[in-house]
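Peer 1: The structure follows.
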Amino acid sequence: MSIGIEQGMLLAAILFLTGLTGLLVRRDVIFMLLSVEIMLNAAGLAFIVAGSAWGQADGQVMFIFILTMAATEVAVGLALIIQLFMKFKSMDMNKANTMNG
Amino acid sequence: MNILFYITSAFAVFATLKVITNKIAIHALLYLIASLLSVAVVLFILGAPFIAALEVIIYAGAIMVLFVFVIMMLNLGKETIQDESNMLSKKMFIGPSVISLLLLAEIIYMLVHQSLVPLPMKMIAPAEVGQLLFTKYLLVVELGAFLLLSGIVGAYHLGEKEKLVHHRFLKTGKDIA
């Protein structure tokens, strides 16, 4: 029994949907950012599986771009989390719904 | 190699589930690192050794350490964990889980109704990736550089403390309005 494209894609899908569930369930900002990381990683895994199926390096190149984006997103997201914590003294996302103007 | 793939995949899924159900942030983070390391092993098995190394060095190494730093800096106490357990009831998992399982069922249906394509499991060397990166995708690399620069500037600007004195003649922030 060899590993087909199905098994790899299934793993990527399960990881992605776990991240999606976490993003919908959790209200803590840090956990939401972690869930986004899980989803990005799963998308990258799907690229690698597809690239491996065709035997070409394009999938790996795309993974490098996803990595770049994830790093930027985490840096900006964590800075936002620090600002949010200073303002509201809480990690609860529901307390930050008073934005106006 | 195949049995290794299945064991590692199972471990990745287990660790990821522990991430989203954990109440303590730092424990969830450690589970996420374990999950990323097992995904790196999967990538290695699929024939992408360069990407597996990048996953360990950048994802598990750099990005997760950034998370650890921020969690340590915020110094979240027992109240946050208490808040989190108040918010996180079992009932909240029902709706999102149903949505996710429906999507998963659709993907499984789609994958089952295809002809089975076994992966060639051919190793793609880092040289090949680098060659493609700096010829065909050169423009995207430059856009990535823009993105990183804007990320640095944005993180520096957002992470700054609010200034108490804006200008030497305008001592308090009220004068500006």
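Every number here is computed from the coordinates shown, using simple stated rules; none is lab data. Keep in mind the model is a prediction, meaning the values are calculated, not measured. With ideal geometry, Cβ positions are generated from the backbone for all residues, glycine too; neighbour counts draw on all protein chains shown.
Peer 1: With θ taken as phi - 60° and the coefficients 6.51, -1.76 and 1.60, list the Karplus ³J(HN,Hα) couplings across the range A:10-19 in order, rounded to whole Hz; mark glycine and proline as x.
Peer 2: With the stated coefficients, the range A:10-19 comes to 5, 4, 4, 5, 5, 5, 4, 6, 4, x Hz.
Peer 1: Consider all pairwise Cα distances in the range B:69-114 and report the whole-number % of them above 12 Å.
Peer 2: Result: 73 percent of Cα pairs exceed 12 Å.
Peer 1: A follow-up question, please. Once the Cα atoms of the protein assembly as shown are picked out, what are the Rg and Dmax in Å?
Peer 2: Calculated on Cα positions, Rg and Dmax stand at 21.0, 77 Å.
Peer 1: Sticking with this structure for a sec: Relative to the longest principal axis of the C-alpha atoms of chain B, give the angle of the C-alpha long axis of helix B:94-112, reported between 0 and 90° and rounded to the nearest 10°.
Peer 2: Around 30 degrees separate the two axes.
Peer 1: Please list the radius of gyration and Dmax for the range B:93-136, considering alpha-carbon atoms only, with Å as the unit.
Peer 2: My reading of the Cα-based Rg and Dmax gives 18.4, 48 Å.
Peer 1: With the cut-off at 20 Å, report for the range A:27-101 the share of all Cα pairs above it, as a whole percent.
Peer 2: Value for the range A:27-101 (Cα pairs over 20 Å): 46 percent.
Peer 1: Another question, if that's okay. Would you mind ranking A:Met32, B:Met123 so that the residue whose beta carbon has the fewest other beta carbons within 10 Å leads the list?
Peer 2: Lowest to highest Cβ neighbour count: B:Met123, A:Met32.
Peer 1: With each run of n ≥ 4 DSSP H residues scored as -39500 (n - 2.57), what mean residue ellipticity at 222 nm is computed for chain B after dividing by its residue count and rounding to the nearest 500 deg cm²/dmol?
Peer 2: Rounded to the nearest 500, the figure is -21500 deg cm²/dmol.
Peer 1: Taking the alpha-carbon centroid of each part, what is the distance from the range A:30-63 to the range B:60-119 in angstrom?
Peer 2: Centre-to-centre distance over Cα atoms comes out at 16 Å.
Peer 1: Let me have the relative contact order for chain B, percent, based on Cα pairs under 8 Å that are six or more residues apart.
Peer 2: 18 percent
Peer 1: What shape does the range B:36-124 take by its C-alpha gyration tensor, where a ≥ b ≥ c are the square roots of the eigenvalues and a/c under 1.5 counts as rounded, a/b above b/c as prolate, and the rest as oblate?
Peer 2: Oblate.
Peer 1: Also, quick follow-up: Going through the cross-link list B:Lys78/B:Lys161; B:Lys18/B:Lys122; A:Lys87/B:Lys90; A:Lys95/B:Lys90; B:Lys18/B:Lys161, which pairs have a Cα-Cα distance over 27 Å in this structure?
Peer 2: B:Lys18/B:Lys122; A:Lys87/B:Lys90; B:Lys18/B:Lys161
Peer 1: Hey, got the dipole for chain A? About the Cα centre, +1 on K and R Cβ, -1 on D and E Cβ, debye to the nearest 20?
Peer 2: My answer is approximately 480 debye.
Peer 1: With 10 Å bins from zero, work out the P(r) of chain B over every alpha carbon pair and list the percent per bin.
Peer 2: 7, 19, 27, 26, 13, 5, 2, 0
Peer 1: Neighbour counts of other C-beta atoms within 10 Å: give me B:Tyr59, B:Tyr137, B:Tyr31, B:Tyr109 arranged from fewest to most.
Peer 2: B:Tyr109, B:Tyr137, B:Tyr31, B:Tyr59
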